[in-house]
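Worksheet for the structure shown next.
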Amino acid sequence: MVKLGLLFALAVAATTLAAPPAASNSLASSLNGRAAKTCTNPSNLLKNPSFESKTISPWIYHAYYPKQTTQKIVKGGYKSDHALQVTGMAKLQNDMGYSQMKQNFTTCKTGRYQLSWSMYLPKGAAQGIDYRAPQMVVWVTCPGGAAQVAYFTFRPNLFESNVSNPRKNSIQKVDQWVNTAVDLGTLQAGNCTLDVNWNVNGPAKGDPTSILTLKLDNFVIKALS
């Protein structure tokens with residue numbers, strides 16, 4: 001009897017101390033709402049996407065061969081007053097104008113994402129014979145792996161565009177802004193990196209100097225789901 005009485009008393013105390021169902025539901029709703037609010041992706045996961053700050057930061061630019069490559073913020077962007085202009089030059093067969101620009105970004109939840117940007121190639125601003133033509137390669141690295149999502153080959157009067165998803169190969173015109181969009185598929189939540197790489201190969205003996213001048217603007221990474 002003593003044990004039953006003790007258990008009864010404890011049960012009464014537990015019932016008295018327990019929060020009312022309404023209060024419990026309210027607390028749960030508050031916590032769920034707070035969690036959803038903190039995990040809302042911005043409209044663009046990239047910072048300084050159009051180089052509107054007139055500097056390249058927080059993008060990180062690295063010239064592997066500084067004498068062959070340059071970058072600077074110039075006027076005359078796609079929709080803004082500014083764009084990034086990159087150049088590369090290779091005079092000799094063993095020269096190589098290779099440079100890289102990257103930015104880290106964070107996906108707050110697993111889902112589908114899209115990358116888009118704009119490019120402008122002036123007529124005659126890319127010179128290179130056959131497989132030595134200047135190129136640009138775009139990579140995205142996230143938890144779970146890395147993938148090449150697009151690459152381009154630049155020529156004097158056109159450039160070739162190759163996008164991975166949806167898979168599409170096309171010929172683009174010079175002297176105009178060209179918009180490119182890539183479905184990145186499902187990315188895991190976490191810290192990711194966008195890498196843009198340019199390569200200007202040295203010319204074969206007797207060929208003219210290999211060059212590239214290219215403007216970029218309007219980078220966007222956004223959630224699709």
Mind listing whichever residues of region 46-61 are modelled with pLDDT of 95 or more and either charged (D, E, K, R) or not in a loop (DSSP other than H, G, I, E, B) (or both)? Lys47, Ile60, Tyr61
Consider Met119 carefully, then state whether it is in the same structural domain as Asn197 (by TED's automatic domain parsing) and out of contact with any Phe, Trp or Tyr (no Cβ under 6 Å at 6 or more places or on another chain). yes
Please go through region 197-219 and pick out each residue that is over 21 Å from Lys75 (Cβ atoms) and of a type in the set (A, V, I, L, M). Val200, Ala204, Ile211
Can you find, within region 150-163, the residue that is nearest to Thr180 (Cα to Cα) among those that are surrounded by fewer than 21 Cβ atoms within 10 Å (Cβ to Cβ) and under 16 Å from the mean Cα position of the chain (by Cα)? Val163
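Table: residues versus (1) closer than 14 Å to Thr193 by Cα; (2) small (Gly, Ala, Ser); (3) surrounded by fewer than 17 Cβ atoms within 10 Å (Cβ to Cβ).
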| residue | (1), (2), (3) |
| --- | --- |
| Ser43 | no, yes, yes |
| Gln68 | no, no, no |
| Leu84 | no, no, no |
| Arg112 | no, no, yes |
| Tyr120 | no, no, no |
| Gln127 | no, no, no |
| Thr141 | yes, no, yes |
Out of the residues in region 106-134 that are assigned to a strand (DSSP E or B) and within 24 Å of Gly76 (Cβ to Cβ), which is farthest from the chain's Cα centre (by Cα)? Gln127
Is it fair to say Ser43 is in a loop (DSSP other than H, G, I, E, B) and either assigned by TED's automatic domain parsing to the domain that holds Thr213 or closer than 19 Å to Phe219 by Cβ (or both)? yes
Considering only residues that are surrounded by fewer than 16 Cβ atoms within 10 Å (Cβ to Cβ) and of a type in the set (Ser, Thr, Tyr), look in region 164-203 and name the one that is farthest from Tyr65 (Cα to Cα). Thr186
Restricting attention to region 151-173, which residues are closer than 20 Å to Tyr131 by Cβ and not in a strand (DSSP E or B)? Pro156, Asn157
Would you mind finding the one in Gly185, Gly206 that is farther than 17 Å from Leu84 by Cα and in contact (Cβ under 8 Å) with a residue 60 or more places away in the chain? Gly185
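The values are calculated or read from the model by the stated rules, or taken from the named source; none is laboratory data. Source: prediction; values computed, not measured. We place every Cβ from the backbone using ideal geometry, glycine too, and count neighbours over all the protein chains shown.
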